[in-house]
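Below: the structure, in structure tokens.
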Amino acid sequence: MGSPEIQERVLKRWFPHTTTPFIANAPMFGFADSRLAAAVTRSGGLGFIGGGFDFGPESAQLARLDTQLAETRAELGIVSSTGALPIGVGFITFKPAGFEMNAIPILEKHRVAAVWLSFPESDADHLPLIEAISKIQAKGDWVVKILVQVGTVQAARSAVEQGADAVVVQGTDAGGHQWAQGASLMSLLPEVRDAVAGDSNKKDVAIVAAGGIVDGRGCVAALGLGADGIVMGTRFIATTECSAPSFIKQSILSASDGAISTIKSVRHDVFQSTDVFPRQYDGRAVISLSWNDSQSGVSNEEVIQRYNDAAKQGDVQRRTIWAGASVGVIDAVVSTDQLIKDIQQQVKLAVQKITELI
Ligand SMILES: Cc1cc2nc3c(=O)[nH]c(=O)nc-3n(C[C@H](O)[C@H](O)[C@H](O)COP(=O)(O)O)c2cc1C
């Protein structure tokens, strides 16, 4: 089993501005924008921007990413355009055409610190993307690390073989899209740690845990399972810097008992006509009016109709609210800085408490 203490130094070496334990925000497309990412980095974490999934030559998503990265540099007060930007970018990769041609130049231009890949049609599709990013690694004079989010041990193995520097192990408590057939962090993470330790004796590979972590307790658990750091998605939505609309933040605050109030399904996408992910993925979201209609026998066509009618009238009640199974523990919108400092402090106290116990 790898030692968390030794591995943590790997993340600290790659991202020297970070404090420990390592905390990053998930690159939630549409929600993880420049303001949140800059706040996370400024607070000692690694901020990620959600870069989207469209790599076409006219991609509005990439144009927006370009602007967001420039804004982040300004927010962080890094005046020189040649200095590295301590920010990562996450991409959804099930339609990878155009990545090298259209996304790579933006990453190079802004000298980002990390690239996160997630949700390929097949694991093999990541190889050319990782190779393209590795070319920047090789010729650049700043550090850019490759993280691949995985939901199975097999996907973790492929990512490491293909050259990923880190795997983000995503358990099924996670909010948002994820492997339909997956496992909790409790079972997945130790097995990934063992597999990666066996497969990667030539280089350091970091393991970051994602899925249901919202406070110091979850962070300690993840480190205990063999992670080098953590990623949080849902928890960062309920921060002052996240651009999510207030009804989404409110829904996360008011939800309790995530075992009952959230559910994993492809239907969340079907209802709002965003069912574009390959079939091996589904998503966890708060149980909605649409979900309840569907459970009581209303056809998908009718649920979609009701969704569209509501949306036309500006009624947001049917919108899918992606959230993890730990929503019940989130009870306040706080600043990113407060959140990161609180979690790092809670971790220290929890470790002390465990030490006393044993
Ligand atoms: C609102 C929302 C949007 C997300 N969008 C993305 C995304 O664009 N790309 C991605 O790789 N993961 C995305 N995820 C999944 C996260 O990467 C991560 O696995 C998840 O948030 C971890 O679980 P947690 O929400 O319980 O912290 C999203 C999650 C949420 C809650």
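Values for this structure:
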read-out	value
Helices (runs of 4 or more DSSP H) contained entirely in segment 233-284, each with at least 3 residues that are modelled with pLDDT of 95 or more and not small (Gly, Ala, Ser)	234-237, 246-254, 267-271
Yes/no for Ala174 being more than 19 Å from Gly224 (Cα to Cα), at pLDDT 95 or above and either part of a loop (DSSP other than H, G, I, E, B) or not hydroxyl-bearing (Ser, Thr, Tyr) (or both)	no
Filtered residues of segment 84-104 (kept if under 28 Å from Ser43 (Cα atoms) and either outside the structural domain of Leu69 (by TED's automatic domain parsing) or more than 18 Å from the chain's Cα centre (by Cα) (or both))	Ala84, Leu85, Ala103, Ile104
In segment 210-226, the residues that are in a helix (DSSP H, G or I), out of contact with any helix residue (DSSP H, G or I) (no Cβ under 7 Å at 6 or more places or on another chain) and within 16 Å of the ligand (Cβ to nearest atom)	Gly218, Ala221
One residue from Arg64, Arg73 being part of a helix (DSSP H, G or I) and either away from the ligand (no atom under 15 Å from the Cβ) or within 30 Å of Asp342 (Cα to Cα) (or both)	Arg73
Matching entry among Ile207, Ile230 (being assigned by TED's automatic domain parsing to the domain that holds Gly44, among the hydrophobic types (A, V, I, L, M, F, W, C) and within 13 Å of the ligand (Cβ to nearest atom))	Ile230
Answer residue from segment 297-318, given it is assigned to a loop (DSSP other than H, G, I, E, B) and more than 29 Å from the chain's Cα centre (by Cα) and is nearest to Val270 (Cα to Cα) among those	Ser299
Criterion: more than 14 Å from the ligand (Cβ to nearest atom) and in a loop (DSSP other than H, G, I, E, B) - qualifying residue of Gly52, Gly56	Gly56
Segment 145-187, residues that are within 14 Å of the ligand (Cβ to nearest atom) and among the basic types (Lys, Arg)	none
Residue match in segment 268-285 (condition: among the aliphatic types (A, V, I, L, M), outside the structural domain of Ile92 (by TED's automatic domain parsing) and either within 16 Å of the ligand (Cβ to nearest atom) or closer than 27 Å to Val333 by Cα (or both))	yes
Sole exception among (1) more than 22 Å from Ala285 (Cα to Cα); (2) part of a helix (DSSP H, G or I); (3) within 17 Å of the chain's Cα centre (by Cα) for Val192, by number	(3)
Gly140 assigned by TED's automatic domain parsing to the domain that holds Phe53, surrounded by fewer than 18 Cβ atoms within 10 Å (Cβ to Cβ) and either within 11 Å of the ligand (Cβ to nearest atom) or at positive phi (or both)	no
Hey, Ser335 within 19 Å of the chain's Cα centre (by Cα) and either surrounded by fewer than 17 Cβ atoms within 10 Å (Cβ to Cβ) or away from the ligand (no atom under 16 Å from the Cβ) (or both) or not	yes
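The values are calculated or read from the model by the stated rules, or taken from the named source; none is laboratory data. Because the structure is predicted, anything quoted here is derived from the model rather than measured. Quick reminder, even Gly has a Cβ in these numbers, built from the backbone with ideal geometry, and neighbours come from all protein chains shown.
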